[in-house]
Amino acid sequence: MDVDKLPAGPHAVPPGEGRSPSTAVPVIVATNVSKTYGRTHALAGTNLTVHAGEVLGLVGHNGAGKSTLMRVLAGLEGCDEGAVTVLGREVPAGTRPREQDFRGVRMAYQETSLCPDLTVAENIWLSSRRGLPRLRWRRAAAEAVRLRLDEIFPGHGISPRDRVEDLSIAQRQMAEIARASLASPLNLLILDEPTESLGPDAAQSLYAYVRTVTARGGSVLLISHRIREVLSVADRVAVMRDGSVVEDLPAHGLGEDDVLLLMGAETAVRGATGANPPAAPRNAPRADTPVVAELRGATGAGLNGVGLRIGKGEVVGLAGLAGQGQQQVLERLWRPVRRDTVVHGTRAYVPGDRQRSGVLPLWTVAENLTISAMRTIARHGIRRPVHETAVAGDWVRRLSIRGGADAAMADLSGGNQQKVIVARAFASAADMVLLDDPFRGVDIHTKTDLYGLIRAEAAQGRSVVWYSSENAEMAHCDRVYVFRAGKVVAELVGPEISEERIIAVSFAEGDQPPPAAALASVPTEPTSTRSVAAPAAAGNSAGEHRHD
Amino acid sequence: MTDALTSALPTRAGVRRSAPAAVSTIALAAMVVLCASLQPDVLTVPGFSLVLSVAVPLIFAAQAQMILMSIGDIDLGIGSFVGLVTVIAATELVSSPLLGTLILFALIAGYAVLGALIHLRRVPALIATLGASFVWLGLGLFVLPTPGGTTPEWLASFGAWQPTSFPAPLLPILAVALLVYLMSARSTLGVRIRALGSNPTALERAGLSPLSSRVAAYTAAGALGVLSGLLLSSQTGGGDVSSASSYTLITVAAVILGGGSFRGGSAVPWGVAIGGMALGLVSVTLSLLDVATNLQSAVQGGIVLAVLAGRALIGRVLR
């Protein structure tokens, strides 16, 4: 795992030799940039500089503010405070960034920004039309993208006339990267998780191309969860945490473990000292608890041989980086249609996106609260308003929901709306409650109330399955499964659960393809042995359940 | 060798996309054969012209509907709009051609404003165009309360034009399909319009204005609606604001039969031409089969549903 000895990319110039980034005008400088969405401080006084001709790696855990910073750097959003300076021209806070200021800054999005119904060439025209002729633009765009794809990804198999919707996910990612790179001048190329859906060969050729860009004088900002890749290709590494860049170090001499430590270790300490409430005492999981639900080698739709058990009265956490299969597990438990999933009893689901899928905005709090429980409260299909009112009143008191049971849902604050949605699930008679990252952007007091509620309900025999993108929340669980690439990479029990360990395990690249430059020198690990960065993390992995 | 073979054959995805239009083509051919067996004169040039002429204004309106559906919107006012144009054509365009022409351009501008309104106020297109349909209807009734008037001579003579070498209605049908194809599939304007229906975020990130794309689409739809109204009045010889009220939903059916979708993103001008002709032929076939006029709409709707079901089936097989 030690990257120090790995050779850098083929075109690499050793940092410090043959480069003098400080003399030239920096490509982009973010000075004290802050950005707030509602209650969430996405960026809190961030500073970042990208020099000409360098590769800067940007790492950080979920919610550290990477995506917001990138949106600001790419000129998609203005910042609330501070300033962004592009090639010496300052874009002050509070103004909507003008497109011409950010013309040399190009970004390849993880989710791609291609139009699926259009051909590759047409997509290229949309985003790179400035360099294309007005007549015969289609042919020029096709030629440009074909050349660029051949340069970055030899053997890509993409025709410029293909519609994007007909391409594979890896090919779409390639087209997206080619799209972003087609600009002149290309001052800064931002790559957001570029290798997440690429195979090892494509990743290797991409990083070779990254070196070509810097050799031509452009800069690359690389955002990736694959720390080893970042370390092998970047000149400098910036570590983000809680909305600001906390470290900015030369990549040379930095190890994967050092970066992991910078990303999370101190946060866990802070969490224990009061910013987050300490975890409630929990009952140690017993082997004889009856199993409520079980997944055995669940595969398909983002899952790759996941095995896990949910016991009665247990709070089970699903952790790891966002989008590694946790939500698919909740989906399986909610609708156990396949044979690899066994679920006993009823379930209730708490969606994370309350605006889209959780709230009936025109109804009152009481109506929102009792809609799931209504069937069990009713007798012979006739509603019993008195009982409903009693149940609603009880929950409003328990969670101290502001405004009372008769308030209109839309008049409530976001936090109080979230309380109602969580209470709705617990007010039903469901044996198992599924939480889909429900506390994002909720204030700390509400969270404290809800954590208490979860523990109290679990003590009464309810099972809770809880996906959270905030690792600190996992401290309230009895057991935590950490996900990576649709697999369970670790099972943490009781005192083992800590933010540090979750971060360490979720970034473990044991079964990932080795990064580009490292490929030559690192022997490929056999996939059966799962190597993880932290000790005691290799607990109950998916493999144990796979055979039954 | 296998490489040469696979490159010569259309891709699976391509087959899937053109399947609806192919189904409509088969239905069209079947109906022509059926009509010809019942009434052999259908296969003569004048007979075929007569059969197709019903479809001409419908196809123009359907192309307008297709453009709006390609940005993910739907136009519930196109029927009344075409009706209003026939009224203007039968009144103002005769009495003072200049004023009439200006009014027609103002109607196109009205569509552009409607598009801007939909975008800026975030009104669902469904609601806004439904509201607009009452405006068109009200204006039409105000200008010409009862059906009547006469169309200008040049328009009437175009409607009566009967070349002997080929069926006259094919000319406008193919011309408008070609025009819309060049606009929506070959031009950069078309790319911007389809991108709006496909992925508005990508359009915005590319530094292009979704507003101008939407306004351009509505302007094109308005222009095609005006052409549709002129063609309709050239056939009927007068103006009637409710003469095209059935167009609103039949145009949607024509787009769907031609391979378009409510999702937005795809433009199918040739498919719309085929779908429109097939729908026009349905009523002819039913008359020849002596189906009671009262039942015709029901049978027409049933055929549309059957084709849609067949299309869904083919889509699933080819997935």
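The values are calculated or read from the model by the stated rules, or taken from the named source; none is laboratory data. Given the structure is predicted, the values throughout are model-derived calculations rather than measurements. Cβ coordinates were reconstructed from backbone atoms using ideal geometry, including for glycine residues, and neighbour counts include every protein chain displayed. Side chains included, ligands, DNA and RNA excluded: accessible areas come from the protein's heavy atoms. Shrake-Rupley method; radii C 1.70, N 1.55, O 1.52, S 1.80 Å.
Odds and ends about this structure:
- Residues in region A:118-144 that are in a helix (DSSP H, G or I) and at the interface with chain B (Cβ under 8 Å from one of its Cβ atoms): A:GLU122, A:ASN123, A:TRP125, A:LEU126, A:SER127, A:ARG129, A:TRP137, A:ARG138.
- Filter result for A:ARG211 (more than 21 Å from A:VAL230 (Cβ to Cβ) and either open to solvent by less than 10 Å² (accessible area, probe 1.4 Å) or modelled with pLDDT of 90 or more (or both)): no
- Matching residues, region A:140-154, being in contact with a helix residue (DSSP H, G or I) (Cβ under 8 Å, 6 or more places away or on another chain) and open to solvent by 80 Å² or more (accessible area, probe 1.4 Å): A:PRO154
- One residue from A:ARG228, A:ARG236 being of a type outside the set (A, V, I, L, M, F, W, C), at pLDDT below 90 and under 28 Å from A:LEU261 (Cβ atoms): A:ARG228
- Condition check for B:ALA156: within 14 Å of chain A (Cβ to nearest Cβ), assigned to a helix (DSSP H, G or I) and modelled with pLDDT under 95: no
- Yes/no for B:LEU224 being away from chain A (no Cβ under 14 Å), in contact with a Pro (Cβ under 6 Å, 6 or more places away or on another chain) and part of a helix (DSSP H, G or I): no
- Any hit, region B:83-104, residues being surrounded by 24 or more Cβ atoms within 10 Å (Cβ to Cβ) and outside any helix (DSSP H, G or I): no
- Test: residue in region A:100-117 that is at positive phi, open to solvent by 20 Å² or more (accessible area, probe 1.4 Å) and facing another protein chain (nearest Cβ under 10 Å): yes
- Check on A:GLY157, surrounded by fewer than 18 Cβ atoms within 10 Å (Cβ to Cβ), within 14 Å of chain B (Cβ to nearest Cβ) and outside any helix (DSSP H, G or I): yes
- The residue that is farthest from B:LEU76 (Cα to Cα), counting only those in region B:119-136 that are under 21 Å from the mean Cα position of the chain (by Cα) and open to solvent by less than 60 Å² (accessible area, probe 1.4 Å), is B:TRP136.
- Lone qualifier among B:VAL291, B:VAL241 - being over 17 Å from the mean Cα position of the chain (by Cα), surrounded by 21 or more Cβ atoms within 10 Å (Cβ to Cβ) and part of a loop (DSSP other than H, G, I, E, B): B:VAL241
- Every listed requirement among (1) within 13 Å of chain B (Cβ to nearest Cβ); (2) part of a loop (DSSP other than H, G, I, E, B); (3) farther than 30 Å from B:SER266 by Cα is met by A:MET70 save one, (2).
- Test: B:THR146 is in a loop (DSSP other than H, G, I, E, B), more than 14 Å from chain A (Cβ to nearest Cβ), surrounded by fewer than 13 Cβ atoms within 10 Å (Cβ to Cβ) and at pLDDT 90 or above: yes
- Filtered residues of region A:235-251 (kept if open to solvent by less than 10 Å² (accessible area, probe 1.4 Å) and part of a strand (DSSP E or B)): A:VAL237, A:ALA238, A:VAL239, A:MET240
- Residue in region A:127-138 that is charged (D, E, K, R), closer than 24 Å to A:ALA208 by Cα, modelled with pLDDT under 95 and open to solvent by 70 Å² or more (accessible area, probe 1.4 Å) present: no
- Complete set of residues in region B:9-38 that are outside any helix (DSSP H, G or I) and in contact with an Asp or Glu (Cβ under 8 Å, 6 or more places away or on another chain): B:THR11
- Lone qualifier among A:SER232, A:SER219 - being crowded, with 23+ Cβ neighbours inside 10 Å and more than 24 Å from A:VAL72 (Cβ to Cβ): A:SER232
- Any chance B:LEU281 is more than 14 Å from chain A (Cβ to nearest Cβ) and open to solvent by less than 10 Å² (accessible area, probe 1.4 Å): yes
- Residue selected from region B:173-217 under the condition closer than 19 Å to A:PRO133 by Cα and more than 10 Å from every other protein chain (Cβ to nearest Cβ), by the criterion least open to solvent (accessible area, probe 1.4 Å): B:SER184
- For region B:50-69, the condition of being within 14 Å of chain A (Cβ to nearest Cβ), open to solvent by 20 Å² or more (accessible area, probe 1.4 Å), closer than 30 Å to B:LEU211 by Cβ and touching a residue at least 40 places away in the same chain (Cβ under 8 Å) holds for none of the residues.
- Residue in region A:167-186 that is of a type outside the set (A, V, I, L, M, F, W, C), free of Cβ contacts under 8 Å to residues at least 60 places away in the same chain, surrounded by fewer than 19 Cβ atoms within 10 Å (Cβ to Cβ) and more than 13 Å from every other protein chain (Cβ to nearest Cβ) present: yes
- Matching residues, region B:63-85, being farther than 16 Å from B:GLY110 by Cβ and among the polar types (S, T, N, Q): B:GLN63, B:GLN65, B:SER70
- For region B:155-165, the criterion of being out of contact with any Pro (no Cβ under 9 Å at 6 or more places or on another chain) and closer than 30 Å to B:GLY72 by Cβ is met by no residue.
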